[in-house]
Amino acid sequence: MNAGKIMTLHEADEDRRVARSAMRGILIAASNLHAADSADLMTRAEKVAVVAATHAAAVDAESRFPKEAIDAARAERLLSAAVPPELGGDGASTSDIVDVCYMLGRNCASTAMIYAMHQTKVACLVRHGRSSAWHQRLLRRLCAEQLLLASSTTEGRAGGDVRNSSAPIEWRDSRITLERQATVISYAEAADGIVTTARRSPEAASSDQVLVAFLKDDYALKRLNGWDAFGMRGTCSEGFTLSAAGSAEQILPVSYDKIHAQTMMPFAHLAWSGAWAGIAAAAVDRARAFVRKATHGGGGTLPPAAQHLTRANASLRTLRSLITAALQRFEAATSDPAALESIDFQTGMNMLKVNASELAVATVMSAMQACGLAGYRNDSEFSVGRHLRDILSSPVMISNDRILANIGAASLLSSTPASLRD
Ligand SMILES: Cc1cc2nc3c(=O)[nH]c(=O)nc-3n(C[C@H](O)[C@H](O)[C@H](O)COP(=O)(O)OP(=O)(O)OC[C@H]3O[C@@H](n4cnc5c(N)ncnc54)[C@H](O)[C@@H]3O)c2cc1C
């Protein structure tokens with residue numbers, strides 16, 4: 001429009017139409033770009049999933065770290081997928097990462113859970129380390145060297161009480177030390193760094209916590225207990241005395257209560273649920289193959305156990321939609337700390353963990369019943385023994401009882417929405 005010319009209503013409408021269509025074009029281009037990036041990530045994840053599947057039985061039988069799969073993840077740069085592009089990553093969304101967990105879970109539960117735990121730590125660093133030069137450098141290194149991060153929250157006999165720490169950070173000027181009885185740290189010996197909770201100082205209350213990143217050169221591990229577990233055997237979730245020293249800059253600049261509410265808890269529950277859904281999907285695949293074979297062998301008549309496949313399918317579908325809805329909710333609230341910290345959101349994300357683990361267990365149980373003895377045996381192509389052992393970790397990985405007890409009071413405060421769409 002020429003300066004000084006008064007715009008007619010028609011011209012203004014036309015201007016708005018052009019602007020809208022340009023904006024639509026930009027949005028479509030941006031979403032196409034995102035779709036292309038997602039597709040590329042999934043193609044790379046598929047390559048890792050193939051490697052994970054090849055070694056899954058040995059990883060389980062030998063209770064060993066899935067080195068081949070994690071090496072493949074490094075080669076495909078999957079460890080830095082969620083780091084922003086300006087630091088060297090792909091800027092993958094939470095949905096993308098959870099989808100990768102699902103894909104890996106279909107092939108090797110331990111690989112999927114290791115990836116889920118690593119990504120949870122990355123999410124905390126990306127969101128809460130923005131104002132810290134030390135953590136920005138760490139993320140750049142993570143991208144360049146494909147560093148694998150482990151997580152330490154479990155301490156002493158306190159089990160899954162993530163929001164309390166016993167061992168304090170000891171301060172000497174700008175240097176810090178920490179010695180904690182870390183009774184469970186998955187893949188601690190294979191990791192390049194450990195991100196741990198700790199009490200802020202010797203004077204602080206147990207709930208006044210910080211989150212600190214230590215790199216391998218910063219700590220020594222002294223084994224407390226091994227890991228000969230029922231399932232998730234490749235996570236190598238052994239116990240150690242963790243003795244660490246570093247600079248005060250390694251403490252994330254945001255207090256752990258905020259990190260926990262905004263990122264650690266929701267992201268972990270989403271990523272774990274993705275991995276568990278993958279395990280459940282793999283069990284359903286076996287049950288479907290078994291029922292197809294039985295139907296074919298029975299001259300086209302469905303075997304009576306087919307009803308269990310129907311149940312397995314249905315609970316898997318519910319599980320998938322539960323995760324999808326929670327992902328949408330998390331991604332919609334991601335730039336709104338108040339929404340993330342609201343009682344309703346916190347309850348929803350805690351219940352996601354409880355419900356997803358229960359649905360995943362139910363799905364694998366139905367798959368096993370569909371296969372009958374062929375599912376129960378370890379030496380059958382339709383065995384779901386490994387899936388069942390792996391999935392039984394889900395209700396105890398932060399006990400569902402503990403979560404339900406912690407959010408009990410919130411149920412009294414909330415009211416039932418008037419509409420189904422609220
Ligand atoms: C595969 C796997 C990998 C893991 N990896 C890691 C890791 O890398 N890093 C890490 O720090 N931790 C890790 N953990 C540990 C996990 O985070 C929990 O700390 C652990 O699963 C809790 O163990 P627990 O059952 O002994 O403890 P608790 O939480 O003490 O639970 C013990 C029992 O007490 C009951 N209970 C406890 N509290 C309550 C309550 N308030 N109300 C009612 N009942 C209650 C429950 O019934 C529960 O069965 C991992 C766990 C698994 C299974």
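Rule-based calculations on the coordinates, nothing more; no lab input. A quick note: this is a predicted structure, and the numbers were derived from the prediction, not measured. Glycine also receives a Cβ, built like all others from the backbone with ideal geometry; neighbour counts cover every protein chain displayed.
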* To do: Using Cα centres only, tell me the gap between the stretch 100-147 and the stretch 182-202 in whole Å.
  => 15
* To do: Report the FRET efficiency, 1/(1 + (r/R0)^6), for Arg130 and Thr318, where r is their Cβ-Cβ distance and R0 is 30 Å, rounded to 0.05.
  => 0.25
* **HN-Hα J in Hz across the stretch 151-159 - Karplus 6.51, -1.76, 1.60, θ = phi - 60°, x for Gly and Pro** => 10, 10, 10, 5, 9, x, 9, 6, x
* Compute the signed sum of charges (Lys and Arg +1, Asp and Glu -1) over the other residues within less than 13 Å, Cβ to Cβ, of Thr416. => -2
* Apply the Debye scattering formula to the stretch 196-326, with a single equal point scatterer on each alpha-carbon and no solvent, then give log10 I(q)/I(0) at q = 0.10, 0.12, 0.13, 0.22 Å⁻¹. => -0.59, -0.74, -0.81, -1.26
* **Cα centroid separation - the stretch 229-244 against the stretch 365-382, whole Å** => 29
* Asked: aspartates and glutamates within cross-link reach of Lys67: Cα-Cα under 20 Å, excluding same-chain residues under 8 positions apart?
  -> Glu46, Glu76, Glu145, Glu189, Asp192, Asp228, Glu238, Asp390
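Can you classify the stretch 223-295 as rounded, prolate or oblate using the Cα gyration tensor, where a ≥ b ≥ c are the square roots of its eigenvalues, rounded means a/c under 1.5, and otherwise it's prolate if a/b beats b/c and oblate if not?
Since a/c reaches 1.5 but b/c is at least a/b, the shape of the stretch 223-295 is classed as oblate.
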* Long-range amide H partners of Ile176 with built H, under 5 Å -> Gly246, Ser247, Ala248
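Rank the residues Glu145, Glu249, Glu155 as a footprinting-exposure proxy: fewest other Cβ atoms within 10 Å of their Cβ go first. Can you show the working numbers first?
Working: Glu145 12, Glu249 16, Glu155 25.
Going from sparsest to densest Cβ surroundings: Glu145, Glu249, Glu155.
What relative contact order, as a whole-number percentage, does the chain give when Cα pairs under 8 Å and 6 or more residues apart are counted? Let's see the in-between values first.
Numbers: 744 pairs, mean separation 63.4, N = 422.
About 15 percent, as a whole number.
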* To do: As a check on your grasp of the helix formula, calculate [θ] at 222 nm for the chain: sum -39500 (n - 2.57) over DSSP H runs of n ≥ 4, divide by the residue count, round to the nearest 500.
  => -18500 deg cm²/dmol
* To do: Taking amide H positions as placed in the peptide plane 1.01 Å from N, state which residues far from Val184 in sequence (5 or more) or on other chains have amide H under 5 Å from it.
  => Thr154, Phe240
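Just to be sure I understand: if I project the alpha-carbon convex hull of the stretch 117-180 onto a plane and average over all orientations, what area do I get in nm²? Can you show the working numbers first?
Numbers: hull surface 21.8 nm².
Dividing the Cα hull surface by four gives the mean projection, 5.5 nm².
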* To do: Grab the beta carbon distance between Ala205 and Ala339, set R0 = 25 Å, and tell me the FRET efficiency rounded to 0.05.
  => 0.40
* Structure fact -> Among Lys216/Lys353; Lys222/Lys258; Lys121/Lys258; Lys216/Lys258; Lys47/Lys216, the pairs whose Cα-Cα distance exceeds 22 Å are Lys216/Lys353; Lys222/Lys258; Lys216/Lys258; Lys47/Lys216
* Most to least packed among 43-50, 264-271, 415-422 [average Cβ atoms within 10 Å] -> 264-271, 43-50, 415-422
* Could you give the nm distance between label points at Ala58 and Asn164, where each point is 7 Å from its Cα heading toward the beta carbon? -> 4.4
* To do: Read phi for every residue in the stretch 413-421 and hand back ³J(HN,Hα) as whole Hz from Karplus 6.51 cos²θ - 1.76 cosθ + 1.60, θ = phi - 60°, with x for Gly and Pro.
  => 7, 7, 10, 7, x, 6, 10, 5, 8
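Can you give me the Kirkwood hydrodynamic radius for the chain, using every pair of distinct Cα atoms, in Å to one decimal? Present the calculation step by step, with values, prior to reporting the outcome.
Details: mean 1/r = 0.0433 Å⁻¹.
This gives a value of 23.1 Å.
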* To do: Per residue of the stretch 195-210, in order, report the coupling 6.51 cos²θ - 1.76 cosθ + 1.60 (Karplus, θ = phi - 60°) as ³J(HN,Hα) in whole Hz, putting x for Gly and Pro.
  => 9, 10, 7, 7, 5, 4, 7, x, 8, 6, 5, 4, 8, 8, 10, 10
